[in-house]
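Remarks on the structure that follows.
The values are calculated or read from the model by the stated rules, or taken from the named source; none is laboratory data. None of the values given here were measured: they were computed from a predicted structure. Glycine gets a Cβ as well: all are built from the backbone with ideal geometry, and neighbour counts include every protein chain shown. Just the protein is used for accessible areas: all its heavy atoms, side chains included, with ligands, DNA and RNA removed. Shrake-Rupley method; radii C 1.70, N 1.55, O 1.52, S 1.80 Å.
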Amino acid sequence: LPDSTLAFYLDILPMDDALELREELGPERFDALLEVIPKDDAQEIRRLLSYPERSVARYMTEDFFDVEPDDQMENVIADIRLAPEGKYETVNDIYVLSEDKNLLGVFSLRQAIRALPTESARDLMITDVISVHATDAAEDAARLVARYGFYAMPVLDERGRMLGIFTVDDAQEIMSEADTEDV
């Protein structure tokens with residue numbers, strides 16, 4: 001395929017899937033394509049490439065929905081409603097972050113819809129959140145997603161700041177590959 005076509009797909013693919021193109025194209029051609037796509041997307045791909053090869057961070061997406069502890073549900077629902085299509089990988093879970101992006105808690109979209117409009121994220125969130133660190137093995141993270149039946153799992157850096165989410169579709173793919181390897 002010509003570079004213009006590949007750059008188009010590189011730009012629209014979820015970033016973790018775009019990384020897989022690197023194996024097919026080779027590092028030189030892939031790096032050249034990064035110069036053609038929008039800078040924000042290229043930076044996100046480079047950030048993901050900076051993590052160890054089989055780490056969960058290589059599979060995470062940075063497109064998750066987060067709110068501040070004092071945000072009221074009427075505003076949260078309005079933000080979701082007004083967000084452009086495809087802005088978030090999933091909004092099943094809403095992550096509550098501090099000003100410095102530390103994960104404080106999580107609540108479900110269902111809880112947000114059922115809550116009173118004036119209730120805050122702090123009122124709804126659970127604080128005992130199961131998460132993984134960016135450098136954890138992707139297979140271990142996939143097993144946690146399967147064990148708890150999550151749609152997504154928060155990925156944190158060493159300071160507890162939320163970097164992204166690891167989604168169930170990636171977990172299923174990793175588990176399938178691991179099971180095939182085992183056989």
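Per-residue Karplus couplings for the stretch 99-115, computed as 6.51 cos²θ - 1.76 cosθ + 1.60 with θ equal to phi - 60°, are listed in order as 4, 8, 6, 6, 6, 9, x, 8, 8, 8, 4, 4, 4, 5, 5, 7, 6 Hz, Gly and Pro entered as x.
Quick one: plug the Kirkwood hydrodynamic radius of the stretch 25-80 (C-alpha pairs) into Stokes-Einstein at 25 °C, 0.890 mPa s, and report D in µm²/s. After rounding, the answer is 175 µm²/s.
Apply the membrane-span-like helix rule to the chain: whole DSSP H runs, Cα extent along the own long axis of at least 20 Å, mean Kyte-Doolittle hydropathy at least -1.0. List the helices found.
Values: long enough: 168-182 (21 Å, -1.02).
Long hydrophobic helices here: none detected.
Accessible area of Met15 (1.4 Å probe, protein heavy atoms only, ligands and nucleic acids ignored): about 20 Å². For the chain, the share of accessible area belonging to carbon and sulfur comes to 47 percent (1.4 Å probe, ligands and nucleic acids excluded). Between the amide H of Leu156 and those of Val132, His133, Ala134, Leu163, distances stay under 5 Å, these residues lying 5 or more places away or on another chain, with hydrogens modeled in the peptide plane.
Distance between the C-alpha centres of the stretch 80-107 and the stretch 14-71: 19 Å, rounded to the whole angstrom. In the assembled protein chains, Lys101 presents an accessible area of approximately 100 Å² (probe radius 1.4 Å).
Extension gain, Asp70-Thr118: 0.36 nm per intervening residue step, less the Cα-Cα distance, totals 16.3 nm. Ordered by 1.4 Å accessible area with all protein chains kept, Phe166, Phe64 run largest first as Phe64, Phe166.
Restricting the GluC sites (Glu not before Pro) of the stretch 64-144 to loop positions (DSSP other than H, G, I, E, B) with no more than 13 neighbouring Cβ atoms within 10 Å leaves Glu85, Glu99.
Packing-wise, with mean Cβ within 10 Å as the measure, how do 90-97, 146-153, 50-57 rank, highest first?
Working: 90-97: 20.4, 146-153: 15.4, 50-57: 17.1.
Final packing ranking: 90-97, 50-57, 146-153.
Accessible surface calculations at 1.4 Å, restricted to protein heavy atoms, place the chain at 59 Å² per residue.
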